[in-house]
Amino acid sequence: MNDMSIPTAATAAIKEVVGPNGWLDTPEDVEPFVVETRGLWRGECDLVVSPASTDELARVVKICADAGIPITPQSGNTGLVGGAIPHGGVIINTRRMNKIRDVDALNNTMTVEAGCILADIQNAADDVDRLFPLSLAAEGSCCIGGNLSTNAGGIQVLRYGNARDLVLGLEVVTADGKVWNGLQRLRKNNTGYDLKHLFMGAEGTLGIITAAVLKLFPKPRRRETAFIGAASVEAVQALFSRMQDAMGDSLSAFEYANEFSIGLVFEHIDGANNPLQGTYPAYALMEVSSLRDDETTRDQLETVLADALEDEVIIDAVVAQSEAQSKALWNLRESMPEAQKHARASIKHDVSVPVSKVAEFVRNASKMVIDDLPGIRPSAFGHFGDGNIHFNLTQPADMEPEDFLAKWNHFNEIVHDYVATMNGSFSAEHGVGELKRKDVARYNDPVGVDIMRAMKASLDPNNIMNPGKVLPDAEPS
Ligand SMILES: Cc1cc2nc3c(=O)[nH]c(=O)nc-3n(C[C@H](O)[C@H](O)[C@H](O)COP(=O)(O)OP(=O)(O)OC[C@H]3O[C@@H](n4cnc5c(N)ncnc54)[C@H](O)[C@@H]3O)c2cc1C
């Protein structure tokens, strides 16, 4: 177990390295950094350090390593699994490291520091007529260092991949305060182990990402958005299959929602109106994009939807006629987490299964939880095209929220056990953090967990990098 207190000499040395603008230590100043966005997690910490450069950050880590001080890396603090919340030691927050170091439009790359806000990176790509496709609802406040450390997903994974697929090179400060410079801008580089993938998705347990070379893409000239209503999740799956066959790579997003999820949005979110003629058991929102500035893609989309209507695969459909209508449709999807709060307590799951199994999962998992607790209301929505469903369980209307939340682990086990039978994942995009460590022990392959432990012991032998996160506690011997 680490001693979480910070020796006075180390505190003074850290403050000296980062200067007066690089640290905070009063309880009021530290407060926003120890509380998670939704208030579900609260930690403690006496010193928040914000280095202005990789060199400063490496020197701070070296001081911590020498003194055995635990470090919690932090970027935008929008993570949902408690990974950036400290339990003593120091927070090293990368927000002051927010320079775009290089943009190479011909090479389709951009080199950015870890504290760059995701939306700023998207805008910088746009400025050179390129696309950086990572996109999620927290993009105005999350930072690329956090995105890569959680291997974030979002709404365009279907076309462009997860965060780790968008990276060519990385710069990392290791647990002993050295700088690994892997900032190559290369698309081919077979010179040994691909170290960058060790640090992406590691949630700050192996080192601190300080900069990255990101891939850019040609900017789509046209985007078309459609919203459909169907009789079942199986019908949505059938439409997805048709869309993939007909649209291929131009299908950049395909999102699903059940009737309960979207009903809450229509009921509780200001300005959210049903664009369809009725209400249906299942909905899908899709986006297709094209590099050509003509009507071809829209015509193809309309043809697929018209055929699906005629074949009675779907019941109702609307294609956005303007940018404003497209935004309104996306607003329905993005308002779902907010709308759920109005139905009180919710037990969350962020699972993935093979795309071919999504309908089966939604149908069977819904039945399992309803059989277990009649009155429970499954809110199933998410990235259907990636096999990733946010399967959130809303409390029965007549139950006390605390009584329902006391069943959190019970329902996690029902849902995650079922996901495991499909060879699925108990955490598709939010990571493990502190919340899901027990699930790593229960569901990950034991040999894989041993390899993870060996990597941790090798790269961070004194366990100062985000201790208590990701890896489950060791079995008592
Ligand atoms: C409204 C909302 C919508 C969201 N939607 C999505 C979504 O669609 N898809 C998705 O995947 N996630 C989503 N998230 C979760 C969250 O936004 C992502 O996990 C995001 O990538 C975290 O970035 P951050 O900068 O806030 O990281 P933080 O919360 O600060 O940190 C997250 C983890 O990474 C570690 N870390 C942070 N910076 C570094 C670094 N430089 N080096 C090493 N480790 C580091 C932290 O220790 C922590 O374990 C959403 C969150 C919110 C609030």
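The values are calculated or read from the model by the stated rules, or taken from the named source; none is laboratory data. These numbers were taken from a predicted model, which means no experiment stands behind them. All Cβ positions, even for glycine, are placed from backbone atoms using ideal geometry, and neighbour counts span all protein chains on display. Note: accessible area is taken over every heavy atom of the protein model, side chains too, but ligands, DNA and RNA are not part of it. Shrake-Rupley method; radii C 1.70, N 1.55, O 1.52, S 1.80 Å.
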- Residue hits (region 58-73; in contact with a Pro (Cβ under 8 Å, 6 or more places away or on another chain) and near the ligand (Cβ under 9 Å from one of its atoms)) are T72
- Which numbered condition V353 misses (of (1) under 22 Å from L40 (Cα atoms); (2) open to solvent by less than 20 Å² (accessible area, probe 1.4 Å); (3) in contact with a Phe, Trp or Tyr (Cβ under 6 Å, 6 or more places away or on another chain)): (1)
- Note on the structure: Heads up, the helices (runs of 4 or more DSSP H) in region 382-477 (entirely inside) with at least 2 residues that are over 20 Å from V81 (Cα atoms) are 401-405, 408-421, 446-459
- Message: Exactly one of these conditions fails for V173: (1) surrounded by fewer than 22 Cβ atoms within 10 Å (Cβ to Cβ); (2) within 16 Å of the ligand (Cβ to nearest atom). Give me its number.
- Response: (1)
- Pull up region 216-232, narrow it to residues that are open to solvent by less than 50 Å² (accessible area, probe 1.4 Å), part of a strand (DSSP E or B) and of a type outside the set (V, I, T), then point me to the one that is farthest from E255 (Cα to Cα). F217
- Task: For region 266-299, name all the residues that are within 22 Å of A238 (Cβ to Cβ) and part of a strand (DSSP E or B).
- Result: A282, Y283, A284, L285, M286, E287, V288
- Is it the case that some residue within region 136-143 is within 13 Å of the ligand (Cβ to nearest atom), in the same structural domain as L106 (by TED's automatic domain parsing), open to solvent by less than 20 Å² (accessible area, probe 1.4 Å) and in contact with a strand residue (DSSP E or B) (Cβ under 8 Å, 6 or more places away or on another chain)? yes
- Number of the exception - L198 against (1) assigned to a loop (DSSP other than H, G, I, E, B); (2) of a type outside the set (F, W, Y); (3) under 30 Å from N466 (Cα atoms): (1)
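Would you check which residues across region 396-418 are of a type in the set (A, V, I, L, M) and either assigned by TED's automatic domain parsing to the domain that holds G82 or open to solvent by 70 Å² or more (accessible area, probe 1.4 Å) (or both) and list them? Before you say what the answer is, go through the steps one by one.
Taking region 396-418 as the starting set, the residues that turn out to be of a type in the set (A, V, I, L, M) are 397, 399, 405-406, 414-415.
Of everything in region 396-418, those that are of a type in the set (A, V, I, L, M) and either assigned by TED's automatic domain parsing to the domain that holds G82 or open to solvent by 70 Å² or more (accessible area, probe 1.4 Å) (or both) turn out to be A397, L405, A406.
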- Query: For region 297-314, how many residues are surrounded by 13 or more Cβ atoms within 10 Å (Cβ to Cβ), hydroxyl-bearing (S, T, Y) and at pLDDT 95 or above?
  - Reply: 0
- Does A235 fit the bill of being outside the structural domain of I144 (by TED's automatic domain parsing), small (G, A, S) and open to solvent by less than 30 Å² (accessible area, probe 1.4 Å)? yes
- Please specify each residue of region 421-477 satisfying the condition of being more than 19 Å from the chain's Cα centre (by Cα), open to solvent by less than 60 Å² (accessible area, probe 1.4 Å) and more than 27 Å from G68 (Cβ to Cβ). M422, Y443, N444, G448
- Message: Against the conditions (1) away from the ligand (no atom under 16 Å from the Cβ); (2) surrounded by fewer than 21 Cβ atoms within 10 Å (Cβ to Cβ), where does A125 fall short? Just the number, please.
- Response: (2)
- Message: Can you pull out every residue in region 176-214 that is surrounded by fewer than 21 Cβ atoms within 10 Å (Cβ to Cβ), away from the ligand (no atom under 14 Å from the Cβ) and of a type in the set (V, I, T)?
- Response: T191
- Task: Would you check if there is a residue in region 79-93 being within 28 Å of L131 (Cβ to Cβ), near the ligand (Cβ under 9 Å from one of its atoms) and open to solvent by 30 Å² or more (accessible area, probe 1.4 Å)?
- Result: yes
- Query: Quick check: is even one residue across region 33-48 within 14 Å of the ligand (Cβ to nearest atom), modelled with pLDDT under 95, among the aromatic types (F, W, Y) and outside any strand (DSSP E or B)?
  - Reply: yes
